[in-house]
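The values are calculated or read from the model by the stated rules, or taken from the named source; none is laboratory data. Predicted model only: the values in this text are computed from it and were never measured. Glycine also receives a Cβ, built like all others from the backbone with ideal geometry; neighbour counts cover every protein chain displayed. Keep in mind that these areas ignore ligands, DNA and RNA; they rest on the heavy atoms of the full protein, side chains included. Shrake-Rupley method; radii C 1.70, N 1.55, O 1.52, S 1.80 Å.
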Amino acid sequence: MDMLLAGVLLWSGVHYIPGLLPNLKIKLVEKLGKGYRGVFSLLIVGSIVLMVFGWKSAIPEVIYDPLPNAVQLTSVLMILTFYLFGAAHGPSNIKRYIRHPMLTAVIVWGVAHLLANGDSRSIVLFGGMVIWAAVEILVINKRDGEYVKPVAIPMKKDIIKLVIAVVIYTVIVFIHPYIAGVPVMAM
């Protein structure tokens, strides 16, 4: 469990530097130049490796029972997650209502998984990522000031993003046992 927790903390800490410690970022950029992005990327990849191996090596202990029918609710929330991730890239109408669709997607992803999983490693991973994303939204909002909403775009683009989200969700349902070690739905 320590490796999993270390991965979540490393991920969070590295992402918090620009917003919470801007002077440190400036010093690092001055010292490392273009290498700053490389170091940042390596630390993020390292955090993901820690989370993956930490997840696989952690022995889950049941903390609470998942909600009844959690699979159905989680499925809907995961489609929303993929839609929000897609909406974060390029124009979308959701950006008129949600300032940070990608970070919101992380929160929805985490909550969806906490509804369906009540074990200790799920709480560390998904709960940790929910906390990170929520704090990151607050940090970015404070740093960047008032939000300027984008103009409306044709709904066709949002519908395309939703269709893509459903397709990605369908693919994830099939590959989830191989990437996460557990099936999405009990067979």
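Looking only at the range 89-102, residues that are open to solvent by 40 Å² or more (accessible area, probe 1.4 Å) and touching a helix residue (DSSP H, G or I) at 6+ places or on another chain (Cβ under 9 Å) come to 6 in all. Being surrounded by fewer than 18 Cβ atoms within 10 Å (Cβ to Cβ), touching a helix residue (DSSP H, G or I) at 6+ places or on another chain (Cβ under 6 Å), over 22 Å from residue 124 (Cα atoms) and at pLDDT below 90 is a description that does not apply to residue 34. Being under 13 Å from residue 136 (Cβ atoms) and of a type in the set (A, V, I, L, M, F, W, C): is that true of residue 29 here? Considered against the rule, which asks whether it is under 13 Å from residue 136 (Cβ atoms) and of a type in the set (A, V, I, L, M, F, W, C), residue 29 comes out as no.
Only residues in the range 89-100 that are touching a residue at least 40 places away in the same chain (Cβ under 8 Å) and at negative phi count as the first member; pair them with residues that are assigned to a loop (DSSP other than H, G, I, E, B) and surrounded by 15 or more Cβ atoms within 10 Å (Cβ to Cβ), Cβ under 9 angstrom, at least 6 apart or cross-chain, and list the lot. What qualifies is 94/88; 95/88; 100/88. Looking only at residues of the range 37-47 that are at pLDDT 95 or above and β-branched (Val, Ile, Thr), we find that the one that is surrounded by the most Cβ atoms within 10 Å (Cβ to Cβ) is 44.
For the range 16-123, the helices (runs of 4 or more DSSP H) that sit wholly inside it and include 3 or more residues that are over 26 Å from residue 184 (Cα atoms) are 22-32, 35-57.
Residues in the range 55-79 that are touching a residue at least 60 places away in the same chain (Cβ under 8 Å), within 12 Å of residue 122 (Cα to Cα), surrounded by 13 or more Cβ atoms within 10 Å (Cβ to Cβ) and not hydrophobic (A, V, I, L, M, F, W, C): 60 alone.
For the range 153-172, a tally of residues being of a type outside the set (Phe, Trp, Tyr) and in contact (Cβ under 8 Å) with a residue 60 or more places away in the chain returns 11.
May I ask you to list the residues in the range 130-187 that are over 20 Å from the mean Cα position of the chain (by Cα) and either hydroxyl-bearing (Ser, Thr, Tyr) or open to solvent by less than 90 Å² (accessible area, probe 1.4 Å) (or both)? Correct list: 144, 145, 147, 150, 152, 153, 154, 158, 160, 163, 185. Of the candidates 21, 50, 4, the single residue that is farther than 20 Å from residue 176 by Cα and among the hydrophobic types (A, V, I, L, M, F, W, C) is 21. Residue-level check: of (1) over 19 Å from residue 82 (Cα atoms); (2) of a type in the set (A, V, I, L, M); (3) open to solvent by less than 70 Å² (accessible area, probe 1.4 Å), residue 105 misses just (1).
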